[in-house]
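Novice: Sharing a structure here in structure tokens format.
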Amino acid sequence: MKAKLDLNWANIKRLSTAQVKATRATAEQLLHEAVTEQVIPLDTGNLQNVATYLETKDMFDGKVTIVTEAPYAKRLYYHPEYKFDKTFNTNAQGEWWEPWITGNKSDRPKRIFGVMLRKFSGGVIK
């Protein structure tokens, strides 16, 4: 039995590019949700608005990381028993990413990625 396979390289390239864009857009959306839902502790704004950013150096390998780079971030994150000031962010808490990792929003990253991949695929994925 002989088979011939013709690959549509334009669509393969489009999907590869779409995957990279969708990965970054997913991380941006998740960070936006955390800020909008006011779960990151906020006092001066540095932790949320300056020290938290997207690390995209491995983006072409399918990896984008949301980094919080502040000396006190780890202490705040891993100690949910702290009494967080809720003046500016009413839902401030420790372990603020847990709803998206293991909690009730754990399906959000996958759903967002699917929507973004379809959006950036240029009609290849319907």
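Novice: Give me the residue from the range 31-63 that is crowded, with 20+ Cβ neighbours inside 10 Å and in contact with a helix residue (DSSP H, G or I) (Cβ under 7 Å, 6 or more places away or on another chain) and, out of that set, nearest to G103 (Cα to Cα).
Specialist: Here the answer is I40.
Novice: Residues in the range 1-51 that are over 14 Å from K110 (Cα atoms), in a helix (DSSP H, G or I) and hydrophobic (A, V, I, L, M, F, W, C): how many? Can you show your working first?
Specialist: Quick first cut of the range 1-51, residues over 14 Å from K110 (Cα atoms) only: 1-18, 20-21, 31-51.
Within this subset, residues satisfying the condition of being in a helix (DSSP H, G or I) are 9-18, 20-21, 31-36, 46-50.
Imposing the further condition that a residue be hydrophobic (A, V, I, L, M, F, W, C) reduces the set to 9-10, 12, 15, 18, 20, 31, 34-35, 47, 50.
Residues meeting the conditions: 11.
Novice: Of everything in the range 8-56 that's over 30 Å from D85 (Cα atoms) and β-branched (V, I, T), which residue is farthest from the chain's Cα centre (by Cα)?
Specialist: So the residue we want is I12.
Novice: Report every pair of residues separated by at least 6 positions or lying on different chains whose Cβ atoms are under 9 Å apart, first residue within the range 97-117 and more than 19 Å from V35 (Cβ to Cβ) and modelled with pLDDT under 95, second assigned to a loop (DSSP other than H, G, I, E, B) and of a type outside the set (D, E).
Specialist: If the second residue must be assigned to a loop (DSSP other than H, G, I, E, B) and of a type outside the set (D, E), no pairs are left.
Novice: Also: Of all residues being touching a Leu at 6+ places or on another chain (Cβ under 9 Å) and surrounded by fewer than 17 Cβ atoms within 10 Å (Cβ to Cβ) in the range 74-85, which is farthest from A34 (Cα to Cα)? Just the residue, please. Working first, answer last.
Specialist: Step one: of the range 74-85, the residues touching a Leu at 6+ places or on another chain (Cβ under 9 Å) are 76, 82, 84-85.
Next, only the ones that are surrounded by fewer than 17 Cβ atoms within 10 Å (Cβ to Cβ) stay: 82, 85.
Working: Y82: 19, D85: 17 Å.
Per the stated criteria, the residue is Y82.
The values are calculated or read from the model by the stated rules, or taken from the named source; none is laboratory data. These figures come from a predicted structure and were not determined experimentally. Every residue, glycine as well, gets a Cβ built from its backbone with ideal geometry; the counts of neighbours run over all protein chains shown.
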